[in-house]
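The structure appears below as structure tokens.
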């Protein structure tokens with residue numbers, strides 16, 4: 001059943017989406033400010049369930065693409081995604097019925113709302129990742145046979161770049177990364193045009209509503225002096241993900257971060273405190289948190305979510321905001337079953353990121369080892 005997303009929803013939505021983004025998907029503060037500006041001018045946005053989109057109506061995914069570290073410094077104009085959607089729809093000769101998210105993330109859950117508000121169309125409560133991943137082919141849309149192209153990229157200067165027909169989504173990723181780098185390292189894209197019938201077959205439903213519930217649960221726990229981390233774990237489980245595990249608690253003692261090939265890469269080192277005193281956690285980053293290792297042994301890895309939260313208030317900390325001295329709680333949230341099929345793991349399991357082991361679920365025994 002459809003509902004409205006209005007200004008009071010944006011703060012909890014940005015928080016919840018940043019948690020689902022596993023440190024990536026863009027800075028939640030930037031996303032919320034952009035969405036507030038758009039919706040103050042246009043009013044609320046209608047959020048549709050996937051089954052409310054007519055079979056033959058067209059849905060276009062909208063998102064930011066590139067290194068989130070660059071977005072943090074290169075603030076967009078706010079019109080890029082809407083311009084990309086308009087140009088793509090005109091190019092393929094269709095009318096945009098609705099917009100959906102490509103991924104969950106602090107900015108990328110907001111981009112569809114911004115474009116939808118500016119274009120006067122609804123947003124569909126679904127995405128193609130259930131979290132955030134760095135590759136444009138790392139989508140259930142791709143896994144189940146949809147083409148990412150035609151696609152349109154937009155910069156803050158008004159540049160619009162169309163990629164028409166490419167041989168596959170790997171070629172799309174390769175060319176799109178080069179386009180993004182030459183647009184300044186970060187851009188906005190409209191891609192994966194599909195009908196409502198297609199969307200129901202290839203998307204992960206309900207992720208925006210889940211992000212909203214996670215954010216509200218965290219804020220309610222703060223106001224009632226309850227444990228926000230426990231509130232996040234319970235909300236994720238209610239939304240079809242696994243119940244989260246506290247992986248580690250400690251202080252950030254080293255941040256190695258670089259931007260290369262259009263991605264933010266690096267490692268975060270956390271020195272344990274409290275029950276984790278004497279141990280060290282390393283978190284590997286490729287735009288998002290990809291793997292958490294305790295004392296050199298991996299304990300949580302993609303596609304499960306490795307989330308770094310402020311130890312004091314439970315708020316998510318994106319990869320580009322992490323700094324030396326932060327006191328953090330590292331949380332692992334098991335991804336839903338649709339993200340762990342053999343076909344899905346071939347696209348975003350550990351081996352897809354260069355590790356020499358297969359996916360394994362996080363366990364309490366691993367956490368306490």
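The values are calculated or read from the model by the stated rules, or taken from the named source; none is laboratory data. Fair warning: this is a prediction, and the values are worked out from it, not measured in the lab. Virtual Cβ from ideal backbone geometry, glycine too; neighbours counted across all protein chains shown.
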Report task. List the number of the failed condition for residue 272; all other conditions in (1) touching a residue at least 12 places away in the same chain (Cβ under 8 Å); (2) closer than 29 Å to residue 184 by Cβ; (3) surrounded by fewer than 24 Cβ atoms within 10 Å (Cβ to Cβ) hold. Result -> (2)
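Hey, among 352, 293, 312, 346, which residue is part of a strand (DSSP E or B) and over 17 Å from the mean Cα position of the chain (by Cα)? Full working, then the answer.
Details: 352 fails: part of a strand (DSSP E or B); 312 fails: part of a strand (DSSP E or B); 346 fails: part of a strand (DSSP E or B).
Being part of a strand (DSSP E or B) and over 17 Å from the mean Cα position of the chain (by Cα) holds for just one of 352, 293, 312, 346, which is 293.
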Query raised in the report: Does residue 73 qualify as being assigned to a loop (DSSP other than H, G, I, E, B), assigned by TED's automatic domain parsing to the domain that holds residue 132 and without any contact (Cβ under 8 Å) to a residue 24 or more places away in the chain?
Result: yes
Query raised in the report: Does the range 165-186 contain at least one residue that is at pLDDT 95 or above, outside the structural domain of residue 241 (by TED's automatic domain parsing), touching a helix residue (DSSP H, G or I) at 6+ places or on another chain (Cβ under 6 Å) and surrounded by fewer than 21 Cβ atoms within 10 Å (Cβ to Cβ)?
Result: yes
Query - Yes/no for residue 335 being in contact (Cβ under 8 Å) with a residue 12 or more places away in the chain and either assigned to a strand (DSSP E or B) or over 23 Å from residue 106 (Cα atoms) (or both) - result: no
